[in-house]
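Visitor: The following block contains the structure, expressed as structure tokens.
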Amino acid sequence: MSAEWTFQVSFRPMRLVTLVHRGDATHDNILETREFGVNFASDDQAALASLAGAYTSKEVHKLSSELFQTYSAKSIRAPMVSGCFFNAECRLVETLETGDHTMFLGEVLEVASNPDKGPLLYSQRRYWQRGQLLSKKPLAYATCTISGDLYRINGRLQGVENYPQTVTVTVSNTNGMQIVRENVDTDQYGYFELVKPNNPALKGTYLAKAEWNGQVGSAVATFN
Ligand SMILES: Cc1cc2nc3c(=O)[nH]c(=O)nc-3n(C[C@H](O)[C@H](O)[C@H](O)COP(=O)(O)O)c2cc1C
């Protein structure tokens, strides 16, 4: 079957869940065999995903279609789909009735991946291909946290070729008066932090800005 509600929920042990409607053939198959194969389709497998979701195997032998090439799993009996982005053989660990679907928690026994393939995406009932990497465009964000007699500007500069970089952090008060202007180095991932003493007597709103080559991340915090 096609099952878009399938995702990883643990690294170690590696586990994933899939949510299956109670009337589906796959639902009873998993309960009976206590194992299942997950095949994350690649972006050239939209027809295959559409077919798997259009019929029930109570009535149609879906794997008879030429669209499906399968290989034998190492640790489970279910056939695995070839040409996918990622495959995982799973042993059923737990089931949870969530409403009209049952959540099957699976422990991953074997994986296979195909790094040359892109994943097939499904949104708004349509199939999509992965688009442009967002972090390729530089972007900056900032936060302002005031706690007692300190305030802290935390943020990140993303999508830049090399780190560390120097970010200019400014903090102004409600009257537009600049109270801090400092250059802060990011770490190797682009994260930065600036901690300053806060005068508890000075109530009001702070506007923090982090700037790098025209990229600006800003944050507003009120200290009462
Ligand atoms: C793209 C796509 C995603 C789907 N995702 C789910 C899902 O996450 N859970 C589910 O129960 N049904 C989902 N369905 C519907 C099932 O795939 C469909 O009911 C299928 O016929 C069940 O097959 P079976 O009876 O052979 O198990 C999806 C269908 C499509 C086309």
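The values are calculated or read from the model by the stated rules, or taken from the named source; none is laboratory data. What you see is a predicted model; the values in this text were computed from it and never measured. Here the Cβ is made from the backbone with ideal geometry for all residues, glycine too, and neighbour counts use every protein chain on show. Protein only, heavy atoms only, side chains kept; ligands, DNA and RNA dropped before computing areas. Shrake-Rupley method; radii C 1.70, N 1.55, O 1.52, S 1.80 Å.
Visitor: Would you please name the residue that is nearest to the ligand (Cβ to nearest atom), looking only at residues in segment 33-45 that are over 11 Å from C84 (Cα atoms) and either aliphatic (A, V, I, L, M) or outside any loop (DSSP other than H, G, I, E, B) (or both)?
Guide: The residue in question is F36.
Visitor: Condition first: touching an Asp or Glu at 6+ places or on another chain (Cβ under 6 Å) and of a type in the set (D, E). Now tell me which residues in segment 100-137 satisfy that. Spell out the reasoning first.
Guide: Pass one, segment 100-137, residues touching an Asp or Glu at 6+ places or on another chain (Cβ under 6 Å): 105, 109-110, 118, 120, 122, 129.
E110, the sole residue that qualifies.
Visitor: Restricting attention to segment 17-31, and to residues there that are polar (S, T, N, Q) and either outside any helix (DSSP H, G or I) or within 6 Å of the ligand (Cβ to nearest atom) (or both), which single residue is nearest to Y55 (Cα to Cα)? Lay out the reasoning, then the answer.
Guide: Taking segment 17-31 as the starting set, the residues that turn out to be polar (S, T, N, Q) are 18, 26, 29.
Remaining after also requiring either outside any helix (DSSP H, G or I) or within 6 Å of the ligand (Cβ to nearest atom) (or both): 18, 26.
Numbers: T18: 18, T26: 11 Å.
Ranking the qualifying residues of segment 17-31, first place goes to T26.
Visitor: Considering each residue of segment 22-46, count those that are open to solvent by 70 Å² or more (accessible area, probe 1.4 Å) and more than 16 Å from E94 (Cα to Cα), and give that number.
Guide: Restricting attention to segment 22-46, the residues satisfying the condition of being open to solvent by 70 Å² or more (accessible area, probe 1.4 Å) are 22, 28-29, 31-32, 34, 44.
Still in the list and also more than 16 Å from E94 (Cα to Cα): 44.
Residues that pass the stated criteria total 1.
Visitor: So, one more: Go through G106, G118, G83 for me and flag whichever is touching a Lys or Arg at 6+ places or on another chain (Cβ under 9 Å), within 30 Å of R156 (Cβ to Cβ) and either modelled with pLDDT of 95 or more or open to solvent by less than 30 Å² (accessible area, probe 1.4 Å) (or both). Even if it seems obvious, please write down each step before you answer.
Guide: On the way: G106 fails: within 30 Å of R156 (Cβ to Cβ); G83 fails: within 30 Å of R156 (Cβ to Cβ).
The conditions single out G118.
Visitor: Out of (1) out of contact with any Leu (no Cβ under 7 Å at 6 or more places or on another chain); (2) open to solvent by 70 Å² or more (accessible area, probe 1.4 Å); (3) not acidic (D, E), the odd one out for R91 is which?
Guide: So R91 meets the others, but not (1).
Visitor: Another question, then. Need the failing condition index for R156 against (1) touching a Gly at 6+ places or on another chain (Cβ under 8 Å); (2) surrounded by fewer than 16 Cβ atoms within 10 Å (Cβ to Cβ), just the number.
Guide: Answer for R156: the failing condition is (2).
Visitor: Separate question: Looking at K203, K196, K209, can you tell me which residue is open to solvent by 40 Å² or more (accessible area, probe 1.4 Å), free of Cβ contacts under 8 Å to residues at least 40 places away in the same chain, out of contact with any Cys (no Cβ under 7 Å at 6 or more places or on another chain) and of a type outside the set (G, A, S)? I'd like the intermediate steps shown before the answer.
Guide: Details: K196 fails: free of Cβ contacts under 8 Å to residues at least 40 places away in the same chain; K209 fails: free of Cβ contacts under 8 Å to residues at least 40 places away in the same chain.
Result of the check over K203, K196, K209: K203.
Visitor: Also: Would you pick out the residues in segment 46-73 that are β-branched (V, I, T) and within 13 Å of the ligand (Cβ to nearest atom)? Outline the logic, then answer.
Guide: Residues of segment 46-73 β-branched (V, I, T): 56, 60, 70.
Across segment 46-73, the qualifying residues are T56, V60.
Visitor: Another one. Across segment 47-76, what is the number of residues that are assigned to a helix (DSSP H, G or I) and either open to solvent by 40 Å² or more (accessible area, probe 1.4 Å) or among the polar types (S, T, N, Q) (or both)? It would help to see each step written out before you state the result.
Guide: Taking segment 47-76 as the starting set, the residues that turn out to be assigned to a helix (DSSP H, G or I) are 47-54, 62-64.
Still in the running and either open to solvent by 40 Å² or more (accessible area, probe 1.4 Å) or among the polar types (S, T, N, Q) (or both): 47, 50, 53-54, 63-64.
Number satisfying all stated conditions: 6.
Visitor: For segment 121-161, which positions are out of contact with any strand residue (DSSP E or B) (no Cβ under 8 Å at 6 or more places or on another chain), at positive phi and assigned by TED's automatic domain parsing to the domain that holds A219?
Guide: The one that is out of contact with any strand residue (DSSP E or B) (no Cβ under 8 Å at 6 or more places or on another chain), at positive phi and assigned by TED's automatic domain parsing to the domain that holds A219: G148.
Visitor: Just wondering, is there one or more residues in segment 133-147 that are open to solvent by 80 Å² or more (accessible area, probe 1.4 Å), more than 15 Å from V38 (Cβ to Cβ) and assigned to a strand (DSSP E or B)?
Guide: Yes, segment 133-147 contains at least one residue that is open to solvent by 80 Å² or more (accessible area, probe 1.4 Å), more than 15 Å from V38 (Cβ to Cβ) and assigned to a strand (DSSP E or B).
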